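The values are calculated or read from the model by the stated rules, or taken from the named source; none is laboratory data. Just so you know, these numbers come straight off a predicted model, no measurement behind them. Glycine gets a Cβ as well: all are built from the backbone with ideal geometry, and neighbour counts include every protein chain shown.
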Amino acid sequence: MTMAYQVKSERAEEFIDHSEILDTLSYAEQHKNDRALIEEILNKASQCKGLTHREAAVLIDCDEPDLVQRIFDLAKEIKQRFYGNRIVMFAPLYLSNYCVNGCTYCPYKLQNKTIARKKLSQEEIEQEVIALQDMGHKRLALEAGEHPTLAPIEYILDSIKTIYSIKHKNGAIRRVNVNIAATTVENYRKLKDAGIGTYILFQETYHKENYEKLHPTGPKSDYAYHTEAMDRAMEGGIDDVGLGVLFGLNTYKYDYVGLLMHAEHLESRFGVGPHTISVPRICPADDIETTDFPNSISDEIFKKIVAVTRIAVPYTGIIVSTRESEKSRKEVLEIGVSQISGGSKTSVGGYAESTPDSENSSQFDISDQRTLDEIVNWLLELGHVPSFCTACYRMGRTGDRFMSLIKSGQIVNCCAPNSLITLKEYLMDYASEDTKQKAIKMIEQEVDKIPNAKVKEIALRNLQDIAQGKRDFRF
């Protein structure tokens, strides 16, 4: 390890140390097909204690087909051990695309004069939320461009309050995750008090020089302030934070090592690593072409990134959005992904009423354009349990409490029945007839697998009560 690398440091350039990343990449290149070392790394990983960024880099670099297959097989085994066949469902909700930043890869950038700018009123947010509830969604990821006057923290807080207040038919949004720009400890405390779930912020790239080129203007141009945001969020009392890079902006190996170093830093400094890691790839948008970014990654590399992430950070939820195609999402579901979006719109106001202006306000093009019900049906056919569960957040199982449960394997006593209970709610209230029949069959199969007799008894009782019209049971 390089002398400058300080995992517990509060300074971005010390816990994401450039020299340490370069040394790690050199080490990985030298050892990428060192069978004895890779066997040792895989044996360590099989104990589900995670890997260092340097060990993970060796696996990312490995290109021996049989060893790569072993990586995939181990990832699948670890995914099953921690998450079973459950896939949590969510949708993004875009509030505003006004932005003062100049991010070169984002159509929201201030310099873009072709995109339709829009900010939702609280009444429009209510209509969006009702549309999302009518699909069956219970969990949202709130998104907004950075703007000090058109989307200040007060607007975000008012919007969260509005979202939680709306009860339409049997619908309710039970968890609001928030993906907004880096802010102050004081504002993170306000978000915590507003009852958010996870605070999500993508680093985009960990390469400081390239980061500054990609973010030439606006508050986001401050690399250190942005990179240290998760520290401030946790200092502000937010237990669950979500990391991510936008693969394709920089070389993927560099950013991948930086991503794991960031996870190590949070674990070392706060005792809690990231609740989620997102793995988006650069994709086309209003004035953005992927050909503008020569570091775009292939499906095979993407699949390996997901697999090694599952091995390296086994306790962390991995999120894949509708940026990815149906084919690509299918490839990574079994080997690591635990959350996906469905029925998504990346435009401002796109759920309640799709108009040319709302479609022209999108942040990026959606690849998987199926409805939520079509995706739920597809997941059931593949043998996955679509879960609309939000119980951990609502029961206070966040931060170190959640991590201790998942690391010990005890979380299954909550997650397995909760996934079936929320799936039963979905099939009663929103599912098409074909989806309903598949869901009934899945619930019957899965409830028999609940290992704890008392938990199974309560789950069966709750499932019966849901059939009688009652809602919102949770372990």
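Data table
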quantity: So Glu235, is it without any contact (Cβ under 8 Å) to a residue 24 or more places away in the chain and out of contact with any Gly (no Cβ under 7 Å at 6 or more places or on another chain); calculated: no
quantity: Qualifying positions in the range 201-220 - farther than 21 Å from Leu243 by Cβ and either touching a helix residue (DSSP H, G or I) at 6+ places or on another chain (Cβ under 8 Å) or surrounded by fewer than 16 Cβ atoms within 10 Å (Cβ to Cβ) (or both); calculated: Lys213, Pro216, Thr217
quantity: Exclusive hit being of a type in the set (Asp, Glu) and either within 27 Å of Thr198 (Cβ to Cβ) or without any contact (Cβ under 8 Å) to a residue 24 or more places away in the chain (or both), set Glu64, Glu40, Glu29, Glu20; calculated: Glu40
quantity: Residue within the range 190-200 that is among the acidic types (Asp, Glu) and surrounded by 17 or more Cβ atoms within 10 Å (Cβ to Cβ) present; calculated: no
quantity: The range 196-226, residues that are within 22 Å of Phe293 (Cα to Cα) and among the β-branched types (Val, Ile, Thr); calculated: Thr205, Thr217
quantity: Residue satisfying condition, being assigned by TED's automatic domain parsing to the domain that holds Met234, modelled with pLDDT of 85 or more, assigned to a helix (DSSP H, G or I) and not small (Gly, Ala, Ser), within set Leu379, Leu427, Leu463, Leu423; calculated: Leu379
quantity: Scope the range 42-73; condition touching a helix residue (DSSP H, G or I) at 6+ places or on another chain (Cβ under 8 Å) and under 22 Å from Val385 (Cβ atoms); matching residues; calculated: Cys48, Phe72
quantity: Number of positions in the range 153-181 that are basic (Lys, Arg), within 20 Å of the chain's Cα centre (by Cα) and more than 18 Å from Val88 (Cα to Cα); calculated: 0
quantity: The range 68-100, residues that are surrounded by fewer than 21 Cβ atoms within 10 Å (Cβ to Cβ) and among the polar types (S, T, N, Q); calculated: Gln69, Gln80, Asn85
quantity: Selected residue [in a strand (DSSP E or B) and either in contact with a His (Cβ under 8 Å, 6 or more places away or on another chain) or under 24 Å from Asp368 (Cβ atoms) (or both)] from Ile305, Ile319, Ile297; calculated: Ile319
quantity: Only one of Lys113, Lys119 that is free of Cβ contacts under 8 Å to residues at least 24 places away in the same chain and surrounded by fewer than 23 Cβ atoms within 10 Å (Cβ to Cβ); calculated: Lys113
quantity: Some residue of the range 12-31 being of a type in the set (Asp, Glu), surrounded by fewer than 17 Cβ atoms within 10 Å (Cβ to Cβ), outside the structural domain of Lys304 (by TED's automatic domain parsing) and not in a helix (DSSP H, G or I); calculated: no
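Table: residues versus (1) assigned to a loop (DSSP other than H, G, I, E, B); (2) over 19 Å from Ala307 (Cβ atoms); (3) touching a Pro at 6+ places or on another chain (Cβ under 6 Å); (4) of a type outside the set (D, E, K, R).
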position: Lys213; (1), (2), (3), (4): no, yes, no, no
position: Ala224; (1), (2), (3), (4): no, yes, no, yes
position: Met230; (1), (2), (3), (4): no, yes, no, yes
position: Gly244; (1), (2), (3), (4): no, no, no, yes
position: Asn250; (1), (2), (3), (4): yes, yes, no, yes
position: His265; (1), (2), (3), (4): no, yes, no, yes
